[in-house]
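In what follows, a single structure is set out as structure tokens and then discussed.
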Amino acid sequence: MSINFNALLQAPIIELDSIDSTNNYAMQLIDADTAQPGLTITALQQTHGKGQRGKTWVDSPGSSLLMSIITSSALLLNRQFAFITATATAVAVTLQDLYEHWDVKIKWPNDIIVNDKKAGGILIENVIRGDKWLYSIIGLGLNVRQDKFPNDLPYATSLKIASGIDFDLTILRDKLRQNILECTALSATGDGLLRQYNTMLYRKGTVQSFTDGNNNWDAIIVAAAQDGTLHVQLADGSIVPYTHGSVMWKW
């Protein structure tokens, strides 16, 4: 399928001061049949920003890059993880290129890690009707200008904390938007992005602690698979797949 990147990049960018959630706003546009691929919503503040598994994304006004991109995919429904890997890889590569002294990784499935701390997260919501994948809403929350975080968030960081640089939110938005749109369009063409995703997989080849809420255990992270599972090696040497939400990461 031919992709007109110029048309994607020329889609409108809606800039808001405050909104409950940029993803909610994007979904309203889709429901009203006024959306188009590439259309992007940004906000200086989210009052009820969405995180993974129903969590709330917390930000201070004007300090975070808060963005939702509406796009479509040529992938089959069973390839949704390819879309996730493309998005996360686009963000991680953009940040790594932005500042060479960072160590940027992807914590499975789509958290962005800078120097061993979480700098951002991605929430993708797909609009599927019948067997047709009509739209995806790519929600990105990235800590950019924060000087510090509350004591109960010891593993959070911002781009400023990690570099000492006050990055321009608009320039950063445009770089990320372009690379996300390009990588997600290319996600239908092969598995190269999955290989790159695994190259940037956080703590790959090292021992990581997990919990299911009752039991805690350690496992070596091996790789993410095409179906979205995380393959780990247990203490007895066996390789098992974890599905997102079935286990929790322990920092």
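Quick notes
- By average C-beta atoms within 10 angstrom, highest first, the peptides 163-175, 60-72: 60-72, 163-175
- Unit charges at the beta carbon, dipole of the stretch 5-199: most positive-side option, Ile30, Leu194, Gly141: Leu194
- Karplus-derived 3J(HN,Hα), 6.51/-1.76/1.60, for each residue of the stretch 219-232, Hz, glycine and proline x: 8, 8, 6, 9, 5, 8, 9, 4, 7, x, 6, 9, 8, 10
- Overall, the chain carries a charge dipole of about 280 debye about its Cα centre when +1 sits on the Cβ of Lys and Arg and -1 on the Cβ of Asp and Glu, all other atoms neutral.
- Among Leu142, Leu39, sorting on how many other beta-carbon atoms sit within 10 Å of each Cβ, with the fewest leading, yields Leu39, Leu142.
- Amide H contacts under 5 Å for Ile124, placed H, 5+ residues apart: Gly139
- Proxy reagent accessibility, fewest Cβ within 10 Å first, across Phe81, Phe210, Phe5: Phe5, Phe210, Phe81
- Under 5 Å from the amide H of Leu39 lie the amide H atoms of Ile70, each residue being 5 or more positions distant or on a separate chain, with H modelled from the backbone and absent for Pro and chain starts.
- Cross-link partners of Lys250 among aspartates and glutamates, defined as those whose alpha carbon lies under 16 angstrom from its own and excluding same-chain residues fewer than eight positions apart: Asp111, Asp116, Asp152, Asp212, Asp218.
- Dipole magnitude of the stretch 148-244, debye to nearest 20 (Cβ charges: Lys/Arg +1, Asp/Glu -1, about Cα centre): 300
- Given charges at Cβ of Lys, Arg, Asp, Glu: the stretch 140-251 dipole, positive-most of Asn179, Leu234, Ala224: Asn179
- Fluctuation leader among Thr94, Thr229, Thr211 - the chain, Gaussian network, Cα springs under 10 angstrom: Thr211
- Virtual spin-label span in nm between Asn78 and Glu125, 7 Å along Cα→Cβ: 2.8
- Farthest positive-ward along the chain dipole, Cα basis, beta-carbon charges - from Met248, Leu66, Ile124: Met248
- Between Thr47 and Asp236, the C-beta separation translates, for a Förster distance of 30 Å, into a calculated FRET efficiency of about 0.05.
Each value in this text was obtained by applying a stated rule to the coordinates, not by laboratory testing. This one's a predicted model, so the numbers in the text were calculated from it and none came from an experiment. Positions of Cβ are backbone-derived with ideal geometry, glycine not excepted, and every protein chain shown enters the neighbour counts.
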